[in-house]
Amino acid sequence: MQRHAAAMAERSEMTGRADEAPEPCAGSLSDDQISDIGRQAHALIEQLYPFCRSLTGEGVRQSLRVLQQIIPLTIHEVPSGTPAYDWVVPDEWTIEDAYVLDGRGRRVIDFRASNLHVLGNSSPIDARVSREELLEHLFSDPAHPDWIPYRHTYYQEAWGFCVPHRLLDQLNEPSYRVRIDSRLEPGSLTYGELAIPGCEPGEILISTHTCHPSLCNDNLSGIAVAALLARELEHTVRRFGVRFLFLPATLGPLVWLSRNERKVPAIRSGLVLAGIGDRGSPTYMRSRRGNAPIDRAVRHAFEHLSRSGTIRDFAPAGYDQRQYCSPGFDLPMGVLMRTPSAEYPEYHTSADNLELVTAEALGDSWRLIRVAIDILEQDRCFVNQFPKGEPRLGPRGLFADAARLGLLWLLNFSDGRHSLLDIAERAAMPLWVLQEGARRLKACGLLKEANERATG
Ligand code: ZN
């Protein structure tokens, strides 16, 4: 038995491999548990799907109240008229019903069938209009004649309906009864916030948008994954705080930033989550800084989880990095997506539905974010206590695992200036493997933790 163990050790000395490599911890969750989280995320999306979310209004509140059943989310209400830099919180939109009736009183367009049918933020109307006038207020996409496009009119007063292009051929009557039972009146903009405390100063910001009606990948995937991530992190001891924001795109981050400027310097890393539930492989858009710790952490997770992730440079297009990474803030925040917005045909249409998002993709996105957070938290500096020459590993029982756990890399670069992630990148090894190596070297007194160097 002993000889067998010695032979195994010898073999792993030679090949540098062993049967078991440390896994990325991801909260020490198994693949089965992560699959289960993916299924829960899909179920949560199903629950939130019917609500008619918008920039403001009851649909967002209903959605955040559902999240409150999972996490202790604070719901903030910011009154209409409140300035946020160059913007102002608009009147709140309330929608009760909307339809177009034909001559026999049948609903040929019906908000109750899909909330995408009404132009988001549409003004009210109650009138009989000619076919020609109605057509001027209908939005459709000839390229996808069976899908309802998603359109809104946030900053211009208008009324309208969105319909499958195929429907236009069927509108043959000279006039139609049109009713949109909506109100635009002083109210508030609603957003959700949860701050999980950490042991050390600094926090990681996770932001996701909440302003789209019945669309699954665009908004609900981010909402569901963020909520289930918050639920898991909430019950663990964190090195850094993690703040979750669930807010309407563009105006939400502007409102939060303008109300919380004193909290901004504490943000040491962050992610905008957008479209993380479709079958495409993950895509990461780097922060404006380009080489922030979060950029390196996500790249590391992509490289070492053998996922086919793609990394793109920052661009002020798409999601809320446009606000967080504006020059006045330049926060170290990237965007996690799967297929980037507007690069899948279902984007902003009724085909962004419960079939477009999968439990597998949602679970995989959850895991990537969780691993990236682990990397940021585990990225510490150590100091070699025997820096003159290599200390002997054999007498300390470390020889067999030296190559597998990168012990020589750790001993050489642990000079108090290179962090675990620095060493992991240089050695082309996963950080969680070096983390285990550092733990072993620390246990026998060869390494000591350096005074914190802020890298995370
Ligand atoms: Zn969108």
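Since every read-out is calculated from the coordinates, none of them should be taken as a lab result. Given the structure is predicted, the values throughout are model-derived calculations rather than measurements. Cβ: placed from backbone, ideal geometry, glycine included. Neighbour counts: every protein chain shown.
Some values worked out for this structure:
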| item | result |
| --- | --- |
| Amide H contacts under 5 Å for Ser269, placed H, 5+ residues apart | Glu203, Leu205 |
| Charge context of Asn217, other residues only, Cβ under 13 angstrom, K/R +1, D/E -1 | -4 |
| Pairs of Cα atoms farther than 17 Å apart, the stretch 196-265, % | 48 |
| Of the DSSP H helices in the chain, those whose Cα atoms cover at least 24 Å axially and whose Kyte score averages -1.0 or more | 31-48, 359-378 |
| Overall Cα dimensions of the stretch 286-326 - principal axes, largest extent first, Å | 32, 19, 13 |
| Ranked packing of 111-117, 166-172, 208-214, most packed first, by mean Cβ within 10 Å | 208-214, 111-117, 166-172 |
| Cβ-defined net charge surrounding Cys325, 14 Å radius [Lys, Arg +1; Asp, Glu -1] | +1 |
| Overall Cα dimensions of the stretch 381-449, principal axis frame, Å, largest first | 29, 22, 19 |
| 222 nm mean residue ellipticity, helices alone, for the chain (DSSP H n ≥ 4; -39,500 (n - 2.57); rounded to 500) | -9000 deg cm²/dmol |
| Summed side-chain charge close to Leu189 - residues other than Leu189 whose Cβ falls under 9 Å, Lys, Arg +1, Asp, Glu -1 | -2 |
| Shape box of the chain [Cα atoms, principal axes, largest first, Å] | 93, 46, 36 |
| Dipole magnitude (debye, nearest 20) for the chain, charges at Cβ of Lys, Arg, Asp, Glu | 1560 |
| Gyration tensor verdict on the stretch 93-185 (Cα atoms; rounded if a/c is under 1.5, prolate if a/b is larger than b/c, oblate otherwise) | oblate |
| Reachable lysines from Lys388, criterion Cα separation under 26 angstrom, eight or more residues apart if same chain | Lys442, Lys448 |
| Stokes-Einstein translational diffusion, the stretch 276-366 - Kirkwood Rh over all Cα pairs, 0.692 mPa s, 37 °C, in µm²/s | 237 |
